[in-house]
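Read through the structure below, which is laid out as structure tokens, and then see the notes.
What follows draws every value from the coordinates through simple rules; no lab data is involved. Small disclaimer: the values here were computed from a predicted structure and weren't measured. Neighbour counts run over all protein chains shown; Cβ positions are idealised from the backbone, glycine included.
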Amino acid sequence: MRWKAFGVLAAAVAALGAAGCGGGGARDLAGPAIANPAAQPAALRFMGGQVWLSADISDSGGIARAWAEIGKPDQTTQDVELVRGSGGSYAAVWTAPENASETGAAVTYTVRIQARDKAGNATASDSITLTVQPPTAPPPGPPAL
């Protein structure tokens, strides 16, 4: 009788393990999903100005951190923390400095939206290019609606 009870108990434990119960659970190995990364406007007059950085970020285990990494012309980077809005939207405002270039060239920045989930998995968006025009360039047209 004891062996029969043991067999029933072992079968129950195996069934719980196969169903994902019992504390073993699947480990989260996927990074957050990042959709619609944006830096608006993508072109600024030589004075620089405010840029709206945003993306829709989701992860079933929750988001621990969301930020934009700004790649500067001098090869340094700056992290800008994104704040969660409604739903899965995250956003921040970053001020691009004026173009003080004496060569008459535009200054280019790269923006990558990044996120880390609560399990430590990270994801980054493709790079977005942001340009600050030189002082001699005409102003950019109005933003697209």
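If you keep only loop residues by DSSP, which GluC sites (Glu not before Pro) in the range 41-145 have at most 15 other Cβ atoms within 10 Å of their Cβ?
On the way: sites: E69, E81, E98, E102; in loops: E98, E102.
Passing both the DSSP loop test and the Cβ count: E98, E102.
Placing a label point 7 Å from the Cα of T103 along the Cα-to-Cβ direction, the residues of the range 69-89 whose backbone N falls under 14 Å of that point are 73-75.
Rounded to two decimal places and with Rh computed the Kirkwood way over Cα pairs, what is Rg over Rh for the range 33-132?
That ratio equals 1.02.
Packing, as the average of other Cβ atoms within 10 Å across residues, places the peptides 108-120, 54-66 in the order 108-120, 54-66, highest first.
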